[in-house]
Structures are given as structure tokens and as C-alpha cells.
Amino acid sequence: MTAIPYGSAIVLFCGLICAIVLPRMKPKRTIAKIWIVAGLIGFAAGFYLQVRTPQPSAIDISQFVPKERQEVTVSGIVETLPKLTRSGNSQIWLNVSAIKEQKADGRLYVTLSKVNGQDLYPGQAIAIQGNLYKPKPKMNPGGFDFQKYLAQEGSFAGLKGTAIRLLDTNQKLKWDWWMIQREIVRSQAKQFGEAEGALISAMVIGGRVVDIPFDIKNEFGKVGLSHALAASGFQVSLILGVLLTLTKRLPGAVRFGIGAIGLIVFMGLTGMQPAVFRAVVMGFAVLFGILFERRVKPLNSLLIAAIILLIVNPLWIWNLGFQFSFLATLGLLVTVPAIAKRLDWLPTLIVPAIAVPIAALIWTLPLQLFAFGMVSPYCIPANVAATIFISWISIGGIVNAGLNLISPAIATFTTPLLYYPTLALIHSVKFVCQLPGNSIAVGTISLILMLVLYGLVCTPWMLPRFQRQWWVFLLIGINLVFVPVWYVRSNLLQVTALSVGQTPVMVIQDHGRVGLINAGDVNAVRFTVLPFLQKEGVNQIDWAVAVSPSDGWATLLEEMSIRSLYDFSSKRTSAVSLEAIQQLTARKGKHLPITARQTIKTGAIEIQFLSTEPTILQFGIGQQRWLWLKDVPNVSQQQALGSNLTGSEILWWSGRRLHPKLLERMQPKIAIASSRTVHAETLKQLQLRQIQTYETEVNGGLQWSKNQGFRTTLDEDESEGAFL
């Protein structure tokens, strides 16, 4: 609440109201001073957040981004070990000191080729040559906001590096935690293999410093096991539990010292991640309880941990890792006992393995639906089955890492003890991912609905008299999520032109049926098309039209089935690859080649395939007609098409030059260009005719619906930001 404009004042006002009203309702239980102090703390927290929010300085590197694309040389100190991106490049953070010969500062997001970046390390002074750019905001509905992500990391610019140069070839290495991190990762990759070694290393020191293969990362995410790939409270609990068990006969001060060393070493190896930091703070609370022989109140220590973390970095309040960590821990503290009580008929060892994932899911599911709109029906069974594997691999991985640092020869004796359980875990996750309905797109929910769901979750906890009626709250929550979604989708007629570069991509949602025009390339599918469909709650595409040859269809079909794929391409080349056709057939979809002059009608949508050369399609969407020109027809082609070029209210084309006579003939009311710019002469003609023009690479993705008309992603984000 304190993170939004006027949020501090709202918190203070609520505190004062509670201080006045609650003592009259419960005079013996409520102290007015506590609510006043809470309101003042919230008010101060809002100002603290504003003060600590990073802002670019006058000489920040973002101030030197050239207006036109050109290479520059940026000097600075490497902050992090290189991480592989999905495109196969290395990514590092650079603490900038200069650009060319001019002094500069700031934090820079840098991507390099794998060869250039693989040997870099923190503290290294380098100069990087490349293209400096400002990050893009969210360009599509439900898309990734790169600009916001960098701002939360204290960065306002990025650099695509093409070459690097060491500024000090004789620079001496200074000891740091990254040396141990790199040694652990390399030794375990060598001992167990790239995939298995990366998984073990991630459970030891966290995925932040380990390049986990993206296929494994995706599969674990689908079945709700992403937490296994990141250092978290689970590993901290294991480490502290083992240390305290081994030292239970020693004095409290000794146990405190050994436990503290273990926690500090673990946080040093994993880095200051919110989930680890939270667990370490709570771990120290346990140690202080042992030292002073006092009972620790877990909820109080969780609250203290949250306060400490937000003092260290208030921007963590927006971090999903921070949010999921605290919610899951809160669920374990308040819900596990109630679930365990109802499972007391089971063997004692099995109860925690079932109660823990159920409690964590209950408290994190609303946030998961708000952020991703995805849920796995196999989440709880997968977590229950994986608990023993994760525990064994985590403890064994830590032991193996220590042995590798001491003697790699001795560490080899642990190979079979870790390799086969790790392999079994990977294959088990792959098996679950192949089951039908392994991951269901529900669609993202609103902030208000998320808060209402958390109200339903909290009610049985805060009001014990309602605990027996927990199933009523569960049914209410399910209905609040699924009934509105079903109603909206069954009555929705919406068209979305996505911003994915030069290849036009359109999604049509027609009263529960979903259509797709083009898929784009692999990156467009992976980073734009699939995230949009998943956040809209789409699990299957009813029909699709492939016009431009693309390698993205195979990637799309790996994640989502298509009932009917119409291939509208020239006789020379198919718009759909053989691999995509095979995947389509395996998913029981139909590949239907289609020729010019054919018409398809599905629901309220009618598609007329007017011409292959030039490629022209006409869509009837409700009462509107759209005309898509992939290629601009010449004079003879215009004559051959005749009246088909007239009568369309909306023109969708590449942004290239349109002859004035062609514009006069079409007379559109709206023009949409799948480009960054429109040809100057054509833009002038559109303005003279007072035709509203949109550019998807400038305005972002464009949506049309019957009730709201046209709206762009960037305009919508600005209005939401103003509201918040």
C-alpha cells in the first residue's frame, strides 16, 4: 500500500480510524496507541521507499544513449558472473565508470556472445564496445516490462556488446564468494554432467548463479517445482537442522556459533536473494532463542525478517521471490498445523510431506494467478513425491560441494549416491509434463480479486469459529475465479494485433473460440504469443492461419494444440515446416492447405483468402471488415482484385508506401502498421484523409473489442499507472 501514490496517507488514515473505532468495539483487547504507531510507521515507510527508489543521475549511462543506432565503448567494473540467456548469450551487470573518454556512472545490463562473456568475473575492469539502448516498456498486453525490471534493479539502459577489452591485463584476483560458486558449479558439472550437475548446484547455491538448462527449468515450472531450483528456506532449514542435531550435546553458545557460521556461509554462496535472506534472518532468530534459552515466536520472527529485508532494499516489495517466500512461509506457520491435525490418521513421517505443499499452495495460489494465470493440477502430488529427492539431493549436494573443494578424488565416491536420484527426479518431472493437462492456463486475475481471495484465505485463520467451514470459503474462491472468467470469455469478441516486429501476428477471441493469424519467429512465440495466450487463459487454439513462412509454429505446438491450421502460402514454399506438421498431427490437429478465393467461416469470424501474390486477406469480425495486405498490389493486381479492396473499415499492412489511388479506393477508417514507421508520403495521405493510424512497434500491441473500441498497450499502462 505504501508503494503507491498517496498510499502512505491512506495507511496513516486507516491507522487513525482503527485507533478510534476498535477500542470501542473491543476495549480490553485493542490499544489505540498501537494502531497510531502502526499508521505512523506505514506513513514513514512510504517516504523511505521514495527516497531509496533509484533515479538516473545527470551522468548516468542512460543519458548518453544515442538517438540513432551506433556503436559506443563503455568502461566499468563487472559486478556478477555471466549468466546464459534463452538466446544463448552471456549476460552480466556492469558498474559503469566512463563512456568513450567521458565520465559516466550507473548500472548497465550487458549481453555478450557466449565466447566473449564466459570468462568474465566480478571485479574485472573491462571496456565493452556495442550498441547502447534504452529498455522498452511493456509492448503487449500481459507482456514483460523490461524497462520496469531494469528500474527495479537500479538500471536504466542496456548494451548489446560486440567486443570486449581488458583494461588491466595484470589485475590480481581478490578473494570473493564467486570463486567458490564457480568452482562448485564447474566441479559438479564435470562430475555429474551438464544438466544433472546444474540441477545439483542449483539446489546447493541457488539458480541465480547456475545456468540451469531452460528445458529443465520450464518443466519444473510447469509442475510447480520451481522452488526446487532456487536456494530458499528449505535448504536453510536443512542446513540449520543438521547442524543443530549434530551439536545438540554442546553448550548453547557453541551451537549458536556453529549455526551462525553455517548460515553466513550459505548466504555468501547464494548471494543476497530475498528468499534466502528471509530464511537466514529467521534462522538467526532460532539461534538467538537457543543462546538465550527463550522460545521463538515464528510469526514475530517472520514480521521482523520482512522489516529487515525492506530496510535493506525496499524495492524487494515488488520482487516475486520476496512475495512468494513470505506467503509460503506464512502458510507453513499458520496452516500446516490445521492440515496436519486432519491427517493424523496417516503415518507421522508422511504427514509433513503432504501438509507442507498444500499449505504453501493455498497461500501462494492467488499471487500465482495474479502474476502468471497458470496452475498445475499435479502440483501437490509432484511436490509430495519430490520431497524425498529434493531433501536427499540438497544435503548430498552440499556435502559433495564441500568435498570437491577439499579433494575432488574423494568427492567422486558420492557420484552414484547423487547422480541416480537426480536423474530419477528429472525423468519423473518429464513424465508428469507429458500427462494431459499438466499445466492449465486459467488467465490472470485482477488485483482486487487477488485481495478478495487472500481475505477468504485469512478468514478461517483469523476467526477460528469459521475453521470448520473452510470448504465454504474454498467453494466461494473457486467460483470467484472460474465463473466470471467463463462468463467473460463466452461473451468476448476481441482482436489483438501483437507487437512482434515486422511479421504481423493477430489473436482473435470469438465467444470462447480462439484464432491466430501467423505465429512469428521462435522468439516472438516464446516471449510474446505464448505469454499472451496463457495470461488470457487460452489452452487450445481452435483455428490458425499460416501466411508468412515461420519457424515459430513448431515452438508453439510444443506448448499448445491447434485444431485446424490453414496453410495459405504460395505454391513454391509452405508457410508451415515439416516438423510443425508432424507435431500438429501428433496432437490430432489438421493441416489444411488453402488457396486463393476460398472462404472460411467460424463463429462470428469470416476469412476470405483473396490472393497469394500479392498475399491479401479480408476478415469479417462481427460487423467490421479488416483488410490485410502482406504485399502491396500493383496497378494490374488492383484491377484484378476489383471490388474486394473496398468496403473494409480497417487496414492492416506493413507500413510501406501505399499509392494515393489505392488509399482512395480502399478508404479505411483505421490504419494499423506492423512496423516502427510508416512511409512518409503514405503517412501524409493518411493524415489528410483523417485516418487514425497506429504503429504496433511504437504504440505497442493494439486491442479492439466491441464495447471499448481500440486501445493500445502503452496508453492503457499509462492510465493504469496514473490510477495507481
Under 7 Å between Cβ atoms, at least 6 apart or on separate chains: pull out the pairs that start in the stretch 165-181 with a residue that is touching a residue at least 12 places away in the same chain (Cβ under 8 Å) and end on any residue that is β-branched (Val, Ile, Thr).
Arg165/Ile126; Leu166/Ile126; Leu167/Ile126; Gln181/Ile205; Gln181/Val209
With the stretch 186-287 as the region, which helices (runs of 4 or more DSSP H) entirely inside it contain at least 3 residues that are over 21 Å from the mean Cα position of the chain (by Cα) and of a type in the set (Ser, Thr, Tyr)?
none
When you go through Gly123, Gly130 one by one, which is the residue that is of a type in the set (Gly, Ala, Ser), assigned to a loop (DSSP other than H, G, I, E, B) and farther than 26 Å from Ile216 by Cβ?
Gly123
Starting from residues that are closer than 15 Å to Pro421 by Cβ and among the hydrophobic types (A, V, I, L, M, F, W, C), keep the ones in the stretch 183-197 and report whichever is surrounded by the most Cβ atoms within 10 Å (Cβ to Cβ).
Phe192
When the stretch 67-106 is checked residue by residue, the ones that are over 27 Å from Pro213 (Cα atoms), outside any loop (DSSP other than H, G, I, E, B) and of a type outside the set (S, T, N, Q) are Glu71, Val72, Val74, Gly76, Ile77, Val96, Ala98, Ile99, Lys103, Asp105
For the list (1) farther than 22 Å from Pro337 by Cβ; (2) at pLDDT 90 or above, I need the number of the one condition that Arg249 fails.
(2)
Would you say Pro416 is part of a helix (DSSP H, G or I) and out of contact with any Pro (no Cβ under 9 Å at 6 or more places or on another chain)?
yes
Taking the stretch 146-161 and keeping only residues that are out of contact with any Lys or Arg (no Cβ under 8 Å at 6 or more places or on another chain), within 18 Å of Pro82 (Cβ to Cβ) and not charged (D, E, K, R), one is left with Leu150, Leu159, Gly161
For Val500, work out the one condition from (1) over 30 Å from Ile650 (Cα atoms); (2) of a type in the set (A, V, I, L, M, F, W, C); (3) surrounded by 14 or more Cβ atoms within 10 Å (Cβ to Cβ) it doesn't fulfil.
(1)
Only one of Arg597, Arg625 is on the phi > 0 side of the Ramachandran plot and either modelled with pLDDT under 90 or in contact with a helix residue (DSSP H, G or I) (Cβ under 9 Å, 6 or more places away or on another chain) (or both); which?
Arg597
What is the residue count in the stretch 53-64 for residues that are surrounded by fewer than 17 Cβ atoms within 10 Å (Cβ to Cβ), touching a residue at least 40 places away in the same chain (Cβ under 8 Å) and hydrophobic (A, V, I, L, M, F, W, C)?
1
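Okay, residues lined up against (1) surrounded by 15 or more Cβ atoms within 10 Å (Cβ to Cβ); (2) of a type in the set (A, V, I, L, M, F, W, C); (3) within 25 Å of the chain's Cα centre (by Cα); (4) not assigned by TED's automatic domain parsing to the domain that holds Ile311:
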| residue | (1), (2), (3), (4) |
| --- | --- |
| Glu68 | no, no, no, yes |
| Gly76 | yes, no, no, yes |
| Pro82 | yes, no, yes, yes |
| Val96 | yes, yes, no, yes |
| Glu101 | no, no, no, yes |
| Ala104 | yes, yes, no, yes |
| Tyr109 | yes, no, yes, yes |
Hey, which of the helices (runs of 4 or more DSSP H) in the stretch 331-413, taking only ones fully inside, have at least 2 residues that are under 30 Å from Gln188 (Cβ atoms) and of a type in the set (Phe, Trp, Tyr)?
379-406
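The values are calculated or read from the model by the stated rules, or taken from the named source; none is laboratory data. This is a predicted model, so every value here is computed, not measured. Cβ atoms come from the backbone with ideal geometry, glycine included; neighbour counts cover every protein chain shown.
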